[in-house]
Amino acid sequence: MRSGNPVLKESTFLDLGSGTVVSRDAGAMTLNGTVNKTGVLLLLTVLTAAFAWSQTLSPTGEVAPGASLYMWGGLIGGFILAMVTVFKKTWAPVTAPLYALVEGFFLGSISAIYNHLYEGIVMQAVMLTFGTLFALLFAYRSGLIKATENFKLGVVAATGGIALVYLATIVLGFFNIQIPLIHESGLIGIGFSLFVIVIAALNLVLDFDFIESGVEQGAPKYMEWYGAFGLMVTLVWLYIEFLRLLAKLNSRN
């Protein structure tokens with residue numbers, strides 16, 4: 001049950017004491033339950049994102065002075081709640097909705113800023129994100145894409161490499177050093193964004209496989225919230241990468 005998503009990994013459905021799969025006859029994880037909870041998390045994210053959007057842009061259409069508070073507060077708060085959820089999976093019924101609410105502040109604020117710079121970019125990114133989600137879900141359910149071990153290893157390795165590049169970008173940013181080309185709007189930068197989007201999309205396939213494995217092995221009921229949370233993490237990543245790609249393309253016009 002390997003997944004490239006860092007919050008969904010092989011040991012998630014294992015009992016840490018015995019190393020065996022945790023199974024429950026009553027109150028076990030179901031696919032419908034996970035889908036419903038994913039819908040709840042999406043709704044909560046949209047609610048706070050809409051509020052943050054309204055607070056980020058002033059009545060004149062300019063970015064409000066306090067916009068960074070929503071963006072950075074949501075980003076840091078979301079990261080903290082994500083870490084708590086990862087290490088305390090039994091808390092997922094509480095921490096996953098809180099993560100969605102807090103992450104909405106970040107997404108709403110950064111979306112408003114991107115839309116201010118390039119009008120219409122946010123709707124395009126949303127449509128591309130959900131279009132990718134449903135396309136890959138169809139491909140997975142129909143058997144066009146199978147999460148084989150080699151497939152999983154390749155996606156995990158690529159995801160780790162991207163994480164290292166972004167970590168290096170953050171660290172170097174403290175010293176006013178930027179990695180050349182890949183974050184710019186040139187062909188290399190656009191190619192890099194396309195590569196990252198492909199890897200993020202393939203992580204959805206691993207997440208589908210991971211959730212399905214949990215259902216088949218009778219994971220506890222709270223894992224529905226955890227599975228929905230893990231899928232949300234990938235969707236947020238995919239959406240942000242689409243925003244970045246569209247911004248690069250628009251800046252060339």
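Please give the helix 67-87 orientation as an angle from the longest Cα principal axis of the chain, in degrees from 0 to 90, rounded to the nearest 10.
Helix 67-87 sits at roughly 20 degrees to that axis.
Ignoring any ligand, DNA or RNA, what whole percent of the accessible area of the range 31-251 comes from carbon and sulfur when the probe is 1.4 angstrom?
After summing per-atom areas, the C and S share lands at 74 percent.
Bins of 10 Å, beginning at zero and ending with the bin holding the largest distance: percent of Cα pairs per bin for the range 133-253, please.
12, 36, 32, 15, 5, 0
When the label point is put 7 Å from the Cα of THR148 along its Cα-to-beta-carbon vector, which residues of the range 169-205 have a backbone N closer than 18 Å?
Under cut-off, by backbone N: 202-203, 205.
With every protein chain present, what is the per residue accessible area of the range 31-251 (1.4 Å probe, Å²)?
Each residue of the range 31-251 exposes 49 Å² on average to a 1.4 Å probe.
Counting pairwise Cα distances across the range 104-162, what percent come out greater than 18 angstrom?
59
Starting from the Kirkwood Rh over alpha-carbon pairs, what translational D in µm² s⁻¹ does the chain have by Stokes-Einstein at 10 °C and 1.306 mPa s?
For these conditions, the coefficient is 83 µm²/s.
The values are calculated or read from the model by the stated rules, or taken from the named source; none is laboratory data. Everything numeric here is computed off the predicted structure, so don't read it as measured data. Cβ sites come from the backbone with ideal geometry, for glycine too, and all protein chains shown count toward neighbours. Side chains are part of the model used for accessible areas, which takes the heavy atoms of the whole protein and leaves out ligands, DNA and RNA. Shrake-Rupley method; radii C 1.70, N 1.55, O 1.52, S 1.80 Å.
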